[in-house]
Amino acid sequence: MTLADVLLAVPLGLLAGALAGLLGIGGGLIFAPLLLWMGLSPHQALATSTFAIVPTAIGGSYTHWRARTLQLRPGLAIGLSAFATALVFSRLGRLAAGWQLLTLQALLYLLLALTIRGDRRDLGPESDQPLPLKGLTAVGSVAGLAGGMLGLGGGLLMVPLMVSGLSVPIRQAIRLSTLAVACSASAASLQFLHEGRGQWMLGLVLGAVAAFAAQWTAARLDRVNTGTLAWLLKLLSLLLAVDSGRRAVQLALQGV
């Protein structure tokens, strides 16, 4: 890492962490484009992004756990599923070309932008609401795919799935998503370290900075209107769909 890399990583790491703690994402949507801009190849950028996601998501999850707003059984269901599937998909990601990985990202982001909505029913206490464990296990596998194969935390996938498909209140979905992201990124990181993919030191620097911001915003999640949360997720999805699609076209033309 050069000094210029560090100076760029710190403010963007804070931004990624703030979004991670607020929206239940891992920060990969900021980390991956940044690392590509810094000159890493798609495979190296996605692996390094995964390293950065681990401390970021753990920071947010710890804040929710300390506040007793994270339910144990649903958390175990989605977290263990995310961890197991990430181990599988982290092996498959290296089989795809860089432009194919970025094309998958762009399509996922576009789909999410079209389906994310606010949850008007998210008005009462959340701790007493029973959550579907089987459905959460299935959603956790989505996090494993996103984290292991695409270098994303999966929060932008899981939150809409839980809100729209399982009727989970959006704030509770964000908390569960943060935990699942931590699990999937941890599993994928173990595989990437074993294969020698990515720059773990750069990833940890980004993640350490982001973890502080993630804890701060996670502690203030209940103060944010659910409609605002939904629109932030939608806007991020649209922006990232455009960016990933643009990069995929460039790599496809270069044959990478």
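Here are some notes:
- Solvent exposure of the chain amounts to 43 Å² per residue of accessible area, where only protein heavy atoms count and the probe is 1.4 Å.
- Values of log10 I(q)/I(0), in the order q = 0.12, 0.16 Å⁻¹, for the stretch 173-256 under a Debye, Cα-only, solvent-free model: -0.59, -0.99
- Angle in degrees between helix 72-92 and the longest Cα principal axis of the chain, rounded to the nearest 10: 20
- Using only the C-alpha atoms, the convex hull of the stretch 41-107 corresponds to 103 Å³ per residue.
- Residue ranges 212-219, 169-176 sort as 169-176, 212-219 when ordered by packing (mean number of other C-beta atoms within 10 Å per residue, highest first).
- Listed peptides 220-230, 102-112, 135-145 by packing density, highest first (mean Cβ within 10 Å): 135-145, 102-112, 220-230
- Portion, in percent, of the accessible area of the stretch 168-256 that falls on carbon or sulfur, probe 1.4 Å: 67
- Area of M38 that stays accessible when all protein chains are in place (1.4 Å probe, Å², to 10): 40
- With the convex hull drawn around the C-alpha atoms of the stretch 1-78, the volume per residue stands at 94 Å³.
- Percent of Cα-Cα distances greater than 34 Å, calculated over the chain: 9
- Relative to the longest principal axis of the Cα atoms of the chain, helix 3-23 runs at roughly 30 degrees.
The values are calculated or read from the model by the stated rules, or taken from the named source; none is laboratory data. Just so it is clear, the model here is predicted, and its values are computed rather than measured. When we count neighbours, we look across all protein chains shown, and the Cβ atoms used for this are built from the backbone with ideal geometry, even at glycine. Ligands, DNA and RNA are stripped out before the accessible areas are found, and what is left, the full protein with its side chains, is counted by its heavy atoms. Shrake-Rupley method; radii C 1.70, N 1.55, O 1.52, S 1.80 Å.
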